[in-house]
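Student: Shown below is the structure under consideration.
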Amino acid sequence: PFYVGEGAILAKEAPTATVTCTSVCEGFALQSSEADVLLSRNNTALNLMHQEMKKRKYERYCADEGGLLHCNYDDANFVEALLDYVNTLPETKELLQVKTKYACEHLNFAKRCRDGGDFGDLLSECDRLWFEYIREKGLSERQLEETKGIFHSPRKVKGSTKLGIHLVTDDRVRGMLALRSKAKESQSSAMLVEVYADLANEVIAQIRIVMEDFVSTKQYKRWLTERFPLPEDPEPEEDPGRSARDPASLERKSSWRFELPDLQDLNEPPVDNRSVVTAGSSTWGSRPGFRYIPKDQRPKSRQPESDEGSYASSSSED
């Protein structure tokens, strides 16, 4: 950034940056007391600096805690932004799309298991992931009716998979089925997580390239900006005794309008160009106290008499 030390005045943190000038330069300092005044006026520049500071701080936190995916898999807006980007990948990377979706769903499932809850519900979610990604198995209408929508227990080792046969091998499936049986016998939520743990770790490692590209996309930047929004700009209390053009009234307006007067024109009501206001010798587009006269009601100006006839008569006399 082109500024340093913003944490000291925006978050009251101890300064950590050191700046060394290698040539003659000119700099400007903003005192903490001055910054407080600007922030009290909802200053746009400082608000943007504060927003950028919070973004960078959160990204550093995610990097220390295992990455963006591990920190935000339970954020519906983050998952939506990530999948929106993944869906834009070419068809040759369709497998990456499936793996990204599976990684998000597995991390949510693991969180539910750690938080506890009804074991029957967790087992149903475990089986849903199984039939969705590990071994596809379509149920007939009769089977769905008999089980009331609950999936049959996974037993089949061989079969198709959405994650790729090189990743989901028959030997791996046998081990996962054994872990599921042990978890069901012991009614252990922690053991249910182990059913997918090794597979999920490999999938997350394979989609690392997706996450690296994701942070430079418009989807990620939009999500991050929405996570740390700018403070709302409060509307000033209207004073019916003062005009909007009164300088004292302008001072009470929020800072972004005060600092960017060009935006005030965008808030002005549109002027009807078909009407004019006459006041003596002046014509005004909009001003209190003057009366608008529609074009069809304006008095027509008197045309001066033509002197063509007099010129002709004088010529004939000559």
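Student: From the residues in the stretch 43-68 that are charged (D, E, K, R) and within 18 Å of the chain's Cα centre (by Cα), which one is nearest to R208 (Cα to Cα)?
Tutor: Within the stretch 43-68, the match that is nearest to R208 (Cα to Cα) is E59.
Student: Restricting the search to the stretch 45-73, which residues are farther than 16 Å from Y220 by Cα and hydrophobic (A, V, I, L, M, F, W, C)?
Tutor: Once the filter is applied, which keeps residues that are farther than 16 Å from Y220 by Cα and hydrophobic (A, V, I, L, M, F, W, C), the stretch 45-73 yields A45, L46, L48, M49, M53.
Student: Additional query: Take the conditions in contact (Cβ under 8 Å) with a residue 24 or more places away in the chain, of a type in the set (F, W, Y), closer than 21 Å to F78 by Cα and open to solvent by less than 30 Å² (accessible area, probe 1.4 Å) and apply them to F214. Does it pass?
Tutor: For F214, the condition - in contact (Cβ under 8 Å) with a residue 24 or more places away in the chain, of a type in the set (F, W, Y), closer than 21 Å to F78 by Cα and open to solvent by less than 30 Å² (accessible area, probe 1.4 Å) - is met.
Student: Could you identify the single residue in F109, F151, F131, F78 that is modelled with pLDDT of 90 or more and over 30 Å from G7 (Cα atoms)?
Tutor: None of the other options fit; the residue is F109.
Student: Further, regarding this structure: From the list E94, E34, E59, which one is open to solvent by 60 Å² or more (accessible area, probe 1.4 Å), assigned to a helix (DSSP H, G or I) and modelled with pLDDT of 90 or more?
Tutor: On inspection, the qualifying residue turns out to be E59.
Student: May I pose another question? So, of the residues in the stretch 81-91 that are assigned to a helix (DSSP H, G or I) and free of Cβ contacts under 8 Å to residues at least 60 places away in the same chain, which turns out to be surrounded by the fewest Cβ atoms within 10 Å (Cβ to Cβ)?
Tutor: If we take residues in the stretch 81-91 being assigned to a helix (DSSP H, G or I) and free of Cβ contacts under 8 Å to residues at least 60 places away in the same chain, then E91 is surrounded by the fewest Cβ atoms within 10 Å (Cβ to Cβ).
Student: Give me a count of the residues in the stretch 159-181 that are within 18 Å of V98 (Cβ to Cβ) and outside any loop (DSSP other than H, G, I, E, B).
Tutor: Count: 3.
The values are calculated or read from the model by the stated rules, or taken from the named source; none is laboratory data. The structure displayed is predicted, hence computed values, not measured ones. FYI the Cβ positions are ideal-geometry reconstructions off the backbone, even for glycines, and counts take in every protein chain you see. With ligands, DNA and RNA removed, areas are computed over all heavy atoms of the protein, side chains included. Shrake-Rupley method; radii C 1.70, N 1.55, O 1.52, S 1.80 Å.
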